[in-house]
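Report on one structure; see the data block that follows.
Just so you know, all these numbers are worked out from the coordinates, no wet-lab data involved. As the structure is a prediction and not an experimental result, all values here were calculated from the model. We place every Cβ from the backbone using ideal geometry, glycine too, and count neighbours over all the protein chains shown.
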């Protein structure tokens, strides 16, 4: 994930610039994220009309219907507008594409295109049970999930659990580039929280496989093709009769 990502374009035919700004380029399937768009014209003008058209497009160039809450409208020069993108249920690489059209002093419309790549990933769901074995009720204790020892800032959960009771917290982790194989996750309290909860700091191993084909998949596919070719060869090969011919009567 990346914070404060900005895509900025400049139109050489006029002193204008466009931007798409957001807090992340990775969304879990079915999740949402907000992006702001902005158009600025620095040339002098008497009248200025700015409109936009926005869409989410998959890697094959197909528009995803209903995945952008505002698909068109008008803009005020230099003023941001927020768009909410809902990620499709299918993981993959998508693009938020925005076409800005400006009309200066009633002249011909000038189009400028900007885009932002969005990675939609299937999340891994973590679950941890925390038990309060003490005699004091705990209220809104901030805890965080850690993956492979790295703190996930947006996983903050405020835990409330009575003495002698337990509670289960979950988190859907959507991370681009999480390698195939084994990983670990755990939950730790905030550095400022001095509490004792059973389950804090206990590491759990999980296994992750990316949706792309691995080398093992290719090898298995190749072996299967070889097997089919061999089976076809054996089936089509003529069978020789090495026995003695039957005597005529």
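Annotations for the structure displayed:
- Kirkwood-Stokes translational diffusion coefficient of the stretch 131-208, alpha-carbon pairs, 10 °C, 1.306 mPa s, µm²/s: 119
- Distance between modelled label sites at residue 136 and residue 182, nm, 7 Å Cα→Cβ extension: 3.8
- The calculated FRET efficiency for the pair residue 154 and residue 72, based on their C-beta separation and a Förster distance of 45 Å, comes to about 0.90.
- Calculated over the stretch 5-121, the projected area of the Cα convex hull averaged across directions stands at 6.9 nm².
- Computed over the stretch 131-208: relative contact order in percent, which uses C-alpha pairs under 8 Å that are six or more apart: 36
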